[in-house]
Amino acid sequence: MLTKKEVVYLNRDNEISLILKQNDSAVDLYGVTDMTLVVGDYLIASSNASSQLIRWNDPTYATGEVRMTLGKSSILKEGYYEATLTLFDVSATAGLVWDSNVPIWVRPDPGTT
């Protein structure tokens with residue numbers, strides 16, 4: 001479970017970087033095929049393509065690392081959310097809820113306020 005509040009600035013490139021762990025050890029995400037993040041009423045889906053908002057399988061990332069560039073999302077609105085992160089792979093085709101309490105604070109672009 002994650003306890004740190006993550007801040008997203010709309011229209012900015014700020015990145016959220018998480019290390020997913022199980023029993024205090026980083027989890028190998030090699031077999032993960034898709035991830036979804038539900039932020040309020042908004043669904044952000046990714047298959048790890050370089051143009052997508054959620055990435056995890058990159059040789060430069062640490063084991064278990066997930067990077068999110070949610071400020072580039074065109075659907076998120078300002079507010080505080082408890083997001084749900086779900087991982088999919090060949091053995092969990094219905095999805096494995098990794099965390100259902102990811103605290104995300106979506107803030108306006110500081111250059112427009």
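Can you name the residue in the range 80-113 that is under 18 Å from residue 11 (Cβ atoms) and part of a strand (DSSP E or B) and is also nearest to the chain's Cα centre (by Cα) among such residues?
The qualifying residue nearest to the chain's Cα centre (by Cα) is 104.
Identify the residue in the range 80-103 that is β-branched (Val, Ile, Thr) and farther than 16 Å from residue 20 by Cα and, among all such residues, is surrounded by the most Cβ atoms within 10 Å (Cβ to Cβ).
So the residue we want is 93.
Restricting to the range 37-63, what's the tally of residues that are modelled with pLDDT under 95, of a type in the set (Ser, Thr, Tyr) and touching a strand residue (DSSP E or B) at 6+ places or on another chain (Cβ under 9 Å)?
Selection size over the range 37-63: 1.
Quick one: in the range 10-43, of everything that is assigned to a loop (DSSP other than H, G, I, E, B) and among the charged types (D, E, K, R), which residue is nearest to the chain's Cα centre (by Cα)?
15
Name every residue in the range 62-79 that is assigned to a strand (DSSP E or B) and surrounded by fewer than 13 Cβ atoms within 10 Å (Cβ to Cβ), in order of residue number.
Residue satisfying the conditions is 79 alone.
Does residue 49 count as under 17 Å from residue 5 (Cβ atoms), within 15 Å of the chain's Cα centre (by Cα) and either surrounded by 15 or more Cβ atoms within 10 Å (Cβ to Cβ) or hydrophobic (A, V, I, L, M, F, W, C) (or both)?
No.
The values are calculated or read from the model by the stated rules, or taken from the named source; none is laboratory data. Everything numeric here is computed off the predicted structure, so don't read it as measured data. Glycine gets a Cβ as well: all are built from the backbone with ideal geometry, and neighbour counts include every protein chain shown.
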